[in-house]
Amino acid sequence: MKIPMKWLNEYTKIDMTPEEYARRMIMTGTAVEGWENTAKFTNVVVGRVLTCEMHPDSDHLHVCTVDVGQGEPLQIVCGAPNVAAGELVCCALEGAVLPGGTIKKGKIRGVESCGMLCSGPELDVPESLYPHCGDKGIIILNEDYPLGTPAGEVFGLGDDVIEYEILANRPDCLSVWGVARESASVLGEHFVMPEISFKETGKGTFDDYAKVRVEDETNCPRYCARIITNVKIGPSPKWMREYLHGAGMRSINNIVDITNFVMLETGHPMHAFDLSKVKDSTIVVRRAHEGEVLKTLDGKEHTLNGSMLVIADNENATGLAGSMGGEESEIVNDTASVLFECAAFERGNNRVTARTLGIRTESSGRFEKGVCAETCMEALDRACMLVEMLGCGEIVPSAYDHYPSPAPQKVITADANRIRRRIGVDVPTEKMEDILLSLNIDTEICGDTLTCTVPAYRQDIEGEADLSEEVLRMYGYDHIPSTLMTGVTMPGFRNEKQSFGMGIKKALVGMGFFEAQSFSFISPTWLTKLGLKEGDSRLSCVRIRNPLGEDTSVMRTTLVPSMLNSLSLNMNRGNESARLMEVSPVFLPRGEGELPEEHSRLVIGMYGDGADFYALKRVVMCLCDRYGLTPDVQAGGDDYYHPGRKAELSLRGGSVKLGTIGEIHPLIAEAFELSERAYVADIDAEALRACKVELGAVKPLPKFPAVSRDIALLVDEEVGAGTLLKAIYKAAGKLCEDVKLFDVYRGERLGAGKKSLAFSIYFRSPDHTLTDAEINAAMDKIISSTAKSFGASIRA
């Protein structure tokens, strides 16, 4: 919020530089963002054009002599079409600094020019501050000013404007009066409130001109209105335009300017209705009808819902309560009767409405933080006083004031000793009283008990803690004694789940993988490209209410699309191979209104040299072995895998689904722009953690040698190598130490639908050297068991 210091000085004395003033305010809790001077130029004065002749070498330039009250007239070349002898103008002297640069003496087409006659844009003077013809010509001054008068004085520029950052807890400071009160308390000065008085010269009473009906008292606790007749629309006086400009607002006309002036001065947003445009002269404060359309003053149409509060007539909404008026009741040049509105609207409803419709105005910002209902009539009377002062209308006797539930006077009893303990500073009780009185909080002392009557506009003060804050900030934060920081440092640590995830990452990094990190928000089209079947639970995603875009609109239920995009990116950037992994949560929706379930998963992706189905399987099996697990591997998996190169992994006899591995289906690879074969494993990290087996005692090195035997079994094509390996291991008994597959052969000699699987079987006894008889017995059991279970035979 911007406030000119000249405006503040009308209500309290500020006799110091802006720097010192800002420092004092900041140290007592009022944030000052900065300050600037309203004059964007220097060394520009009032001058009179004595002569104006055509330039000898130009058809549009003029050679003028200008008296600036400094002795000899200046010769200035000017190209403005409206320059003429006798006119009073703004003259930039040599060395003047303007927004566009510095003025220097020079020659224009051979004729010397010792300055410049200025237009409004060249001085950065808006038309709303002083009427001019813009960039079509120079400023012609309509009033009579002494020659040499600084132009800043003519336009009311040159004052310092302070910019404040008012937080939500101090809505009273969103006004000139509020900041002036605060400044007076900080600087030890008096706040001088203007005496509000006016004469009711209009005819009749309020009820003769308008009727008001408040249907929603919850969202409109107070509504005040007055009628102004015989309105004379015109420009506002210079002093009002000057203050509005300094506060960052544009002057429109006297009636509208009065409402904006009162809002800035008192903190109460106001609105003026053209009474002739209000149907049946009736104002209704109600909720909007569902789907009702309102065209606001900015020319935009808004579709309203039933929660929004509107100001309406008997037929349609004419304004959005607390945000912006409607175009229908706008003040125009021929407006003759005006209804002034000053109300208090519920802050929560106003904030939701403004956010929903995307409307942000000075009014909505104040109502969102809270407007004091107690002082509505005071602000309305101030507006009437200004109407009388400007002579722009007649105030009709009586006013409308609907205030069914006045707020009770707020009285707080506080203990001075508790305040001292709370703030950690030994402030005398009498000093507390002085501080609170300076803040217009009536305070009485009885021993160490303070009885405080809080003014209505201080809505932020609710209890003893708030009074403690007021005492401390005004007494000075520099009085808080300095103490060394004490405390016990607590080393950070990872919980068991985090440690397990780090273990997975370290293991895979040791196998040559790099960690990838991707967003938890994905595009729903990624799941479509993955080719999941209808009804798949992974298609049911948690949608983001306000996403940055469609590509980040849902929370992922699988990590596979993210990995495929990472592999695609590496391929398209020319990387010949990649080994990537990611351990991250997926988000599974729960019931309505509940947060999603976060489930940790591991995805592994690879392509390039050495990448194939078996390489990926080895990585997953090695990772599982790290946690003492040997998963069952069966053919199967999601449809986004190649139908002949995919497998499902399970634990505990198939009761726990661990995940899937495989080569990506060519159609899916094409959808994700994968230019070569890619392999992906999707593992349930939570299941892996739940099933892990802690390492037992370390076994001593074996003392007796191992014996190996090779066997090649002829089986049907559909018999899995892993299934047969497990059967061999089981049949071999306790002497079997390990079984490894070392060859797979298919050929015409074996017959159609047959294959040969060759295994190396390792035997060892912990307490003696094995004999041929023991080994042969074990091999016979293997042959008979596999023949019985799989129809296997020894390959000749």
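The values are calculated or read from the model by the stated rules, or taken from the named source; none is laboratory data. Keep in mind it's a predicted model, so treat the numbers as computed, not measured. Cβ atoms come from the backbone with ideal geometry, glycine included; neighbour counts cover every protein chain shown. Protein only, heavy atoms only, side chains kept; ligands, DNA and RNA dropped before computing areas. Shrake-Rupley method; radii C 1.70, N 1.55, O 1.52, S 1.80 Å.
Sort through K788, K754, K740, K781 and tell me the only one that's out of contact with any Pro (no Cβ under 8 Å at 6 or more places or on another chain) and free of Cβ contacts under 8 Å to residues at least 12 places away in the same chain.
Numbers: K754 fails: free of Cβ contacts under 8 Å to residues at least 12 places away in the same chain; K740 fails: free of Cβ contacts under 8 Å to residues at least 12 places away in the same chain; K781 fails: free of Cβ contacts under 8 Å to residues at least 12 places away in the same chain.
Of K788, K754, K740, K781, the one residue that is out of contact with any Pro (no Cβ under 8 Å at 6 or more places or on another chain) and free of Cβ contacts under 8 Å to residues at least 12 places away in the same chain is K788.
Looking at (1) open to solvent by 70 Å² or more (accessible area, probe 1.4 Å); (2) in contact with an Asp or Glu (Cβ under 6 Å, 6 or more places away or on another chain); (3) at positive phi, which is the only condition G156 fails?
(1)
Is the range 544-562 home to any residue that is in contact (Cβ under 8 Å) with a residue 60 or more places away in the chain, in a helix (DSSP H, G or I) and within 26 Å of Y641 (Cβ to Cβ)?
yes
Quick test of your reading of the structure: E143 fulfils all but one of (1) over 12 Å from V63 (Cα atoms); (2) crowded, with 17+ Cβ neighbours inside 10 Å. Name the failing condition by number.
The failed condition is (2).
Residue under question is V186, and the condition is that it be closer than 20 Å to P131 by Cα, of a type outside the set (D, E, K, R) and assigned to a helix (DSSP H, G or I); does it hold?
no
What number goes with the only condition from (1) closer than 30 Å to L244 by Cα; (2) touching a Gly at 6+ places or on another chain (Cβ under 9 Å); (3) crowded, with 18+ Cβ neighbours inside 10 Å that L123 does not pass?
(2)
For every residue, the table says whether it meets (1) open to solvent by less than 70 Å² (accessible area, probe 1.4 Å); (2) in contact with a helix residue (DSSP H, G or I) (Cβ under 6 Å, 6 or more places away or on another chain); (3) of a type in the set (V, I, T).
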{"position": "K6", "(1), (2), (3)": "no, no, no"}
{"position": "E10", "(1), (2), (3)": "no, no, no"}
{"position": "R23", "(1), (2), (3)": "no, no, no"}
{"position": "I26", "(1), (2), (3)": "no, no, yes"}
{"position": "W35", "(1), (2), (3)": "no, yes, no"}
{"position": "R48", "(1), (2), (3)": "no, no, no"}
{"position": "T51", "(1), (2), (3)": "yes, no, yes"}
{"position": "L61", "(1), (2), (3)": "yes, no, no"}
{"position": "V77", "(1), (2), (3)": "yes, no, yes"}
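Checking the condition closer than 22 Å to Y243 by Cα, crowded, with 20+ Cβ neighbours inside 10 Å and either within 48 Å of the chain's Cα centre (by Cα) or not assigned by TED's automatic domain parsing to the domain that holds A247 (or both), which residue from V66, V44 passes?
Just one listed residue meets the conditions, V44.
Got at least one residue in the range 472-488 being closer than 18 Å to D415 by Cα, part of a loop (DSSP other than H, G, I, E, B) and not basic (K, R)?
No.
Could you say which residue among G653, G720 is over 17 Å from L530 (Cβ atoms) and assigned by TED's automatic domain parsing to the domain that holds A777?
After ruling out the rest, the residue left standing is G720.
Across the range 76-132, what is the total count of residues that are touching a residue at least 24 places away in the same chain (Cβ under 8 Å), in contact with a Ser or Thr (Cβ under 8 Å, 6 or more places away or on another chain) and either within 23 Å of K238 (Cα to Cα) or part of a helix (DSSP H, G or I) (or both)?
Going through the range 76-132 one residue at a time, the tally reaches 2.
Could you please find all residues in the range 274-294 being among the aliphatic types (A, V, I, L, M), assigned to a strand (DSSP E or B) and over 22 Å from I233 (Cβ atoms)?
Hits for the range 274-294 are V284, V285, V293, L294.
Go through V284, V212, V256 for me and flag whichever is touching a strand residue (DSSP E or B) at 6+ places or on another chain (Cβ under 6 Å), of a type in the set (V, I, T) and open to solvent by 10 Å² or more (accessible area, probe 1.4 Å).
V212
Would you check which residues across the range 328-344 are free of Cβ contacts under 8 Å to residues at least 60 places away in the same chain and of a type in the set (D, E) and list them?
E328, E330
Among the residues that make up the range 738-759, is at least one of them more than 20 Å from D632 (Cα to Cα), open to solvent by less than 50 Å² (accessible area, probe 1.4 Å) and in a helix (DSSP H, G or I)?
Yes, the range 738-759 contains at least one residue that is more than 20 Å from D632 (Cα to Cα), open to solvent by less than 50 Å² (accessible area, probe 1.4 Å) and in a helix (DSSP H, G or I).
Within the range 614-729, considering only strands (runs of 3 or more DSSP E) that don't extend past its boundaries, which have at least 1 residues that are open to solvent by 60 Å² or more (accessible area, probe 1.4 Å)?
Result: 632-635, 641-651, 656-664, 707-716.
Output the residue which, of all residues in the range 345-363 that are open to solvent by less than 60 Å² (accessible area, probe 1.4 Å), touching a residue at least 40 places away in the same chain (Cβ under 8 Å) and out of contact with any Phe, Trp or Tyr (no Cβ under 8 Å at 6 or more places or on another chain), is nearest to C376 (Cα to Cα).
Once the filter is applied, the top-ranked residue is S363.
Within the range 81-96, take every residue that is of a type outside the set (V, I, T) and closer than 17 Å to N142 by Cα and give me the one that is surrounded by the fewest Cβ atoms within 10 Å (Cβ to Cβ). Working first, answer last.
Initial filter on the range 81-96 (of a type outside the set (V, I, T)): 81-82, 84-88, 90-96.
Applying the additional criterion that residues be closer than 17 Å to N142 by Cα yields 82, 84-88, 90-91.
Details: N82: 16, A84: 13, A85: 13, G86: 9, E87: 18, L88: 19, C90: 28, C91: 31.
Checked the range 81-96; the qualifying residue surrounded by the fewest Cβ atoms within 10 Å (Cβ to Cβ) is G86.
Please tell me if K232 is touching a strand residue (DSSP E or B) at 6+ places or on another chain (Cβ under 8 Å), open to solvent by 40 Å² or more (accessible area, probe 1.4 Å) and either more than 25 Å from W177 (Cα to Cα) or acidic (D, E) (or both).
Judged against the criteria, K232 is not a match.
Would you check which residues across the range 295-323 are part of a loop (DSSP other than H, G, I, E, B), more than 17 Å from C220 (Cβ to Cβ) and modelled with pLDDT of 90 or more and list them?
Across the range 295-323, the qualifying residue is only N305.
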